[in-house]
Amino acid sequence: MSGQDASKSRSQGTRGEFHAFASKLLAAVQFQQLYPPRHPHVEQGIKDLFEQLSKQLELRGAIRLAVTPTEFLFGSIQIPLDGELLEEMAKLLHAAGVQKLEFFAGLEEWETRKFLDLLIASPDQLWALGGLAEAIASEGITHVVVSTIKIGTAGTAGTTDPESLFRTWEAYSTGLRLVQSIRGRVRADGTITNVDKAKEFARELVELAVRETQPLLAVQALKTHDDYSYTHSVNVAMLTVAIATSLDFPPDHLHEIGVAALLHDVGKELIPLEVLNKPGKLDEEEWVIVNRHGRDGARMLAATDGIGDLPPVVSYEHHLAYHDDLRADPDWSPHLASEIVCIADVYDALRSERPYREGLPPEKSMKIMEEDVGRLFDPDLFEGFFKMMGYYPPGTLVQLEDGAMAIAYASNLDDPRKPHVLLVKSASGSLVDPPERLDLSQSGPETQIAALADPDEVGVDPLDVL
Ligand SMILES: [Fe+2]
């Protein structure tokens, strides 16, 4: 190795070192999972990892590792995610939400031990501690630093992680198939099936939303809203989980809320199709039939084993507007989950094409809902929802004043009309590749939003760009 190569590797770390570190880390984790605390194997695993780290830190002062869906970055060398060892390692870090991991010279053995404990803690435990990064800091560990994937709150996000987007798409199709089979069975014999699959689906949504909410918002927003009967339940589940994730719910409750949202309208299967799909206005008798779907759903859900207590409640309460009797009762207040589902339900219904009208654009939908804040929608919840979506939710294609085309990817907390966007076509019509990020709240009048644009007409698929 030439002198130059040697100094290069000194600053960057080597593949060999990365493999040594990964195998020691995984061995230590496995021992911790298999043996009781303080067992000699556990102690040996910690000691080996600590020695390996110390050796590398002596040489380099710091060890920096980042993980993406396809590779590790170790210092500045790229290591593709192939082979069992690396896949295991990625899975481990992924489960703890770790995006970047750093060790610094001065690392002590107790820090290594405590870090390992936290790394393998359950999601519930980590949640209770405020997340891995926060837990590490509050333990007083100063020589290990992790950056975890944050919820995609407005203004802080960049473009989405391709793996999240792909998984969200998959979840969407799974959700559609699931709704189809649940509906078929309810229509056939009035029972609710596939409870386990609904729970699995909700778990996946929660996991995705905890990583970042943009893909959930974008995928449900871009799904054609013309097949309402199938897409509605899945869209409502995605929106609900996205809203609920930003609130203080523990993971188990989030899962239950996801199931409740997916099944909130299950009582509609008892409505005769000619009433359900009627293109014109419903008469009084038909309204009575439609309006009992919440109660019918609650009854069926309450008779379904293993579904939990929440889905019947949410089914019963989600049309709060229709429950004037309940609203008049000072002792009654709806479950928070019902209030969230109510927001998601109305938003998706407005956005969707219905037998009697076209789907409405996002800004118009939001403005209609603003009228009902305080009456139908809880003001705090609605504010959170509005901040997440803005008037141009992630995935919305817009034309700017100068003729350029851009895709919204995160709303701006202070101005719902000025989201963060990705410029995909310049004013002259040429493709901008890679897309350029622009914060419209910081840009001039020529780059403000002029109109919504149709992805098919413009020839841009927002999901390819996000
Ligand atoms: Fe409903």
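If you go through region 373-386 and keep only what is without any contact (Cβ under 8 Å) to a residue 40 or more places away in the chain and closer than 29 Å to A453 by Cα, you end up with V373, F382, E383, F386. Screening region 441-462 for residues that are of a type outside the set (G, A, S) and buried (at least 18 other Cβ atoms within 10 Å of the Cβ) and picking the one that is farthest from the chain's Cα centre (by Cα) gives T447.
Looking for something more than 16 Å from the ligand (Cβ to nearest atom), farther than 17 Å from P379 by Cα and either part of a helix (DSSP H, G or I) or touching a residue at least 12 places away in the same chain (Cβ under 8 Å) (or both) - is there at least one such residue anywhere in region 339-349? No: region 339-349 contains no residue that is more than 16 Å from the ligand (Cβ to nearest atom), farther than 17 Å from P379 by Cα and either part of a helix (DSSP H, G or I) or touching a residue at least 12 places away in the same chain (Cβ under 8 Å) (or both). Total residues in region 348-392 satisfying the condition of being on the phi > 0 side of the Ramachandran plot and either in contact with a Pro (Cβ under 6 Å, 6 or more places away or on another chain) or buried (at least 21 other Cβ atoms within 10 Å of the Cβ) (or both): the figure is 1. When K281 is tested against (1) within 12 Å of the ligand (Cβ to nearest atom); (2) not in a helix (DSSP H, G or I), only condition (1) is not met. Of all the residues in region 267-278, those that are within 13 Å of the ligand (Cβ to nearest atom) and either touching a Gly at 6+ places or on another chain (Cβ under 6 Å) or part of a helix (DSSP H, G or I) (or both) number 5. For region 297-310, the criterion of being away from the ligand (no atom under 16 Å from the Cβ), farther than 18 Å from L239 by Cα and in a helix (DSSP H, G or I) is satisfied by at least one residue. Selection within region 244-266: residues that are assigned to a loop (DSSP other than H, G, I, E, B) and crowded, with 22+ Cβ neighbours inside 10 Å. The member of this set that is nearest to the ligand (Cβ to nearest atom) is D265.
Taking region 311-330 on its own, how many of its residues are modelled with pLDDT under 80 and not in a helix (DSSP H, G or I)? The total comes to 4.
Yes or no: region 208-219 includes at least one residue that is in contact with a helix residue (DSSP H, G or I) (Cβ under 9 Å, 6 or more places away or on another chain), touching a residue at least 12 places away in the same chain (Cβ under 8 Å), among the charged types (D, E, K, R) and within 14 Å of the ligand (Cβ to nearest atom). Checked region 208-219: no residue is in contact with a helix residue (DSSP H, G or I) (Cβ under 9 Å, 6 or more places away or on another chain), touching a residue at least 12 places away in the same chain (Cβ under 8 Å), among the charged types (D, E, K, R) and within 14 Å of the ligand (Cβ to nearest atom). Could you please find all residues in region 393-431 being among the hydroxyl-bearing types (S, T, Y) and either surrounded by 19 or more Cβ atoms within 10 Å (Cβ to Cβ) or not assigned by TED's automatic domain parsing to the domain that holds A450 (or both)? Of everything in region 393-431, those that are among the hydroxyl-bearing types (S, T, Y) and either surrounded by 19 or more Cβ atoms within 10 Å (Cβ to Cβ) or not assigned by TED's automatic domain parsing to the domain that holds A450 (or both) turn out to be T396, Y409, S411.
Within region 414-433, the residues that satisfy the criterion of being touching a Ser or Thr at 6+ places or on another chain (Cβ under 8 Å) and part of a loop (DSSP other than H, G, I, E, B) are D414, D415, K418, P419. Within this structure, H232 fails the test of being part of a loop (DSSP other than H, G, I, E, B), within 12 Å of the ligand (Cβ to nearest atom) and at pLDDT 90 or above.
The values are calculated or read from the model by the stated rules, or taken from the named source; none is laboratory data. For clarity, every value in this text was computed on a predicted model and none was experimentally measured. Note: ideal-geometry Cβ built from the backbone for every residue, glycine included; neighbour counts use all protein chains shown.
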